[in-house]
Ligand code: DX5
Ligand code: ZN
């Protein structure tokens with residue numbers, strides 16, 4: 001079970017100290033790249049990924065919400081990303097991109113929007129290290145967790161286990177103290193947590209509490 005705080009709600013002017021606030025408790029740092037096309041919002045690009053990488057020893061988990069990710073992935077590899085997830089809906093070349101990432105020693109993640117059913121990606125999943133299931137519409141932090149995505153997480157978990165694959169399932173969007181347990185029970189094993197962590201007074205303690213919730217029976 002891994003907790004990956006999203007820095008989307010962090011103070012970008014003090015990114016080093018913002019990273020330090022979670023460095024003893026987070027497993028990965030999740031970086032949401034938004035291009036203003038694939039999603040209506042604009043966030044940051046590979047320069048931010050490089051800056052974060054230079055200021056942390058945590059794995060850097062990049063979530064690309066951009067059109068034509070095939071044009072840009074190498075910028076994120078060069079910036080030092082450890083994982084790069086891109087959207088299935090944004091490209092016709094998902095498997096090619098995964099191969100390219102893996103040839104550079106980077107973990108490949110396939111992200112799917114709420115409207116994309118699991119069966120659309122089942123056949124190509126073996127090419128990936130990570131399946132990112134959006135539990136909100138991508139674009140903004142602070143939205144409400146879509147409980148109707150829980151059956152999708154469950155289906156993905158059953159498929160992955162039955163196939164003997166070692167692919168992590170990441171729940172992204174609206175994961176907080178109230179919703180993390182149901183995401184874990186459905187089968188997610190990586191939890192992106194944005195506003196609940198950086199919106200709290202003590203981000204590190206909040207991560208510890210989230211961890212306790214998922215490990216309690
Ligand atoms: C949404 C992003 C999420 C989001 C997480 O497009 O992919 O990573 O910022 O933030 P919260 O936890 O606030 O939903
Ligand atoms: Zn994300």
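Read-outs throughout are calculated quantities, based only on the coordinates presented, and are distinct from any laboratory measurement. What you see is a predicted model; the values in this text were computed from it and never measured. FYI the Cβ positions are ideal-geometry reconstructions off the backbone, even for glycines, and counts take in every protein chain you see.
Here each label is just a point 7 Å from Cα along the line to Cβ, and for residue 201 and residue 23 those points are 2.4 nm apart. Measuring spread by the Cα atoms of the stretch 57-164 yields a radius of gyration and Dmax of 13.7, 37 Å. With Cα atoms defining each centre, the stretch 147-174 and the stretch 106-124 are spaced 10 Å apart in the structure. Applying 1/(1 + (r/R0)^6) with r as the Cβ-Cβ distance of residue 95 and residue 208 and R0 = 35 angstrom yields a FRET efficiency of 0.35.
Within 10 Å of each residue's Cβ, count the other Cβ atoms and sort 56, 116, 135 from fewest upward.
Values: 56 19, 116 16, 135 29.
Going from sparsest to densest Cβ surroundings: 116, 56, 135.
Here 180, 160 are placed in order of increasing Cβ neighbour count within 10 Å, fewest first, which gives 160, 180.
Computed per residue of the chain from DSSP H runs no shorter than four, each worth -39500 (n - 2.57), the mean residue ellipticity at 222 nm is -8500 deg cm²/dmol. As a ratio to 2.2 N^0.38 Å, the alpha-carbon radius of gyration for the stretch 1-49 is 1.22. In terms of overall dimensions, the C-alpha atoms belonging to the stretch 100-217 reach 42, 32, 29 Å along their principal axes, ordered largest to smallest. Residue exposure proxy: 159, 38, ordered by other Cβ atoms within 10 angstrom of their Cβ from fewest to most, comes out as 159, 38. Considering all C-alpha pairs of the chain, those separated by over 28 Å amount to 21%.
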